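Presented below is the structure to which this report refers.
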Amino acid sequence: MNRFQIGNTIGRAGRTKGSRNRLSLKVLEEVLGHALSEIPGRDMTKLKAALEVLQKSKPADYVRCVLSVLPKEILFSDSAVSEMADDQIEAMIQTLYQQRMLVVPMPDETVN
């Protein structure tokens, strides 16, 4: 019997690409549950407290950590944005940064 004949479907019915198995899903749930739990006596989660400590003690690692969870690329599918000039888009992004009170320098700004 030749198991590798044309049209053979043995071995092709596994998890779909990108899906998690039950163990990794359970571990992720436990880690997030722990990180997002409140610290007794404080109005703060353990994750927020850890990020604040990291920001104060190792600012470079803090920035690396924050940047690692941000999307690499932002796609705009709205036709109004696609018709805007580059300087208008940059002004809109700057306004959004200011509204969110993010202290992130734009690419043309220098950090002292």
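Given R0 = 25 Å, the distance between the Cβ atoms of K56 and L28 translates into a calculated FRET efficiency of 0.35. Phi angles of region 41-51 translate, via the Karplus equation with coefficients 6.51, -1.76, 1.60 and θ = phi - 60°, into HN-Hα couplings of x, 10, 8, 7, 7, 5, 5, 5, 5, 5, 5 Hz per residue; Gly and Pro are given as x. Leaving out ligands, DNA and RNA but keeping every protein chain, what accessible area does S24 have, in Å² rounded to the nearest 10, with a 1.4 Å probe? Accessible area, nearest 10 Å²: 40 Å². When nucleic acids and ligands are ignored and a 1.4 Å probe is applied, K58 ends up with an accessible area of around 110 Å².
The values are calculated or read from the model by the stated rules, or taken from the named source; none is laboratory data. As the structure is a prediction and not an experimental result, all values here were calculated from the model. Cβ coordinates were reconstructed from backbone atoms using ideal geometry, including for glycine residues, and neighbour counts include every protein chain displayed. Heads up: the accessible areas ignore ligands, DNA and RNA and are worked out on the full protein's heavy atoms, side chains in. Shrake-Rupley method; radii C 1.70, N 1.55, O 1.52, S 1.80 Å.
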